[in-house]
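Below is one structure, written out as structure tokens, with a few remarks after it.
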Amino acid sequence: MTSIIKVDTIQTAAGGTPTASSLGISGVGKIGQIVQATLTTVTTSNSTSFATTNFSASITPTSTSSKILIQCSIHVNILNPTNDYAEGEYKIYRNGSSLDSTGRRIGGYAPLGNGGSQVRYTVYPSFTLLDSPALTSSVTYELYFRTVNNSNENNKLSDGSRPSSITLMEVLA
């Protein structure tokens, strides 16, 4: 069964014009708070399994219906001494559990450096996720990473002069 309500005007009990706030819809879709963390120290790994970067940000949603918009901008430098292709993979974890079934793979061919002994692939990717944690307690989002091809690769995040950042925005619902 479908119902339709049609009116010409809506008024408050006092006869005035209602606002979105007086109708209880003022906060929907607005950003409630923003939290940002910046990584300036070098973090490296040559693990082919996802490893913590200790690079995280925490936010406490004001409502269980809020969503968290996660924006991650990173500085990546991947070294591979054994071939001309270097590749890393990156995932966002919420409170220790992966939000992605697959991560974001970043890599490519690059000219061999150091007299032809290794490839260095440097890139500055950004990615965005929207999460529905359904919590009103502190939520921690952390970047994890791994090398893809072999354990000879060295995956480096940030380098001091080019920081990485995680920005969390609570979207009110």
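The values are calculated or read from the model by the stated rules, or taken from the named source; none is laboratory data. Remember, predicted model here, so these are calculated numbers, not experimental data. Backbone-built Cβ (ideal geometry, glycine too); neighbour counts: all protein chains shown.
Is there any pair linking a residue in the stretch 135-157 that is at positive phi to one that is of a type in the set (Phe, Trp, Tyr) and surrounded by 13 or more Cβ atoms within 10 Å (Cβ to Cβ), with Cβ under 7 Å and at least six apart or on different chains, and which?
Listed by first residue and then by second, the contacts come to nothing, as the list is empty.
Just one of SER165, SER151, SER137 is surrounded by fewer than 19 Cβ atoms within 10 Å (Cβ to Cβ), over 13 Å from the mean Cα position of the chain (by Cα) and more than 27 Å from TYR85 (Cβ to Cβ); which is it?
SER137 is the lone residue from the list that is surrounded by fewer than 19 Cβ atoms within 10 Å (Cβ to Cβ), over 13 Å from the mean Cα position of the chain (by Cα) and more than 27 Å from TYR85 (Cβ to Cβ).
How many residues, within the stretch 57-73, are crowded, with 18+ Cβ neighbours inside 10 Å and either small (Gly, Ala, Ser) or touching a Gly at 6+ places or on another chain (Cβ under 7 Å) (or both)?
2
Suppose we filter the stretch 87-105 for residues that are among the β-branched types (Val, Ile, Thr) and loosely packed, with under 15 Cβ neighbours inside 10 Å; how many remain?
1
Against the condition over 14 Å from the mean Cα position of the chain (by Cα) and either surrounded by 18 or more Cβ atoms within 10 Å (Cβ to Cβ) or at pLDDT 95 or above (or both), how does LEU157 come out, does it pass?
Yes.
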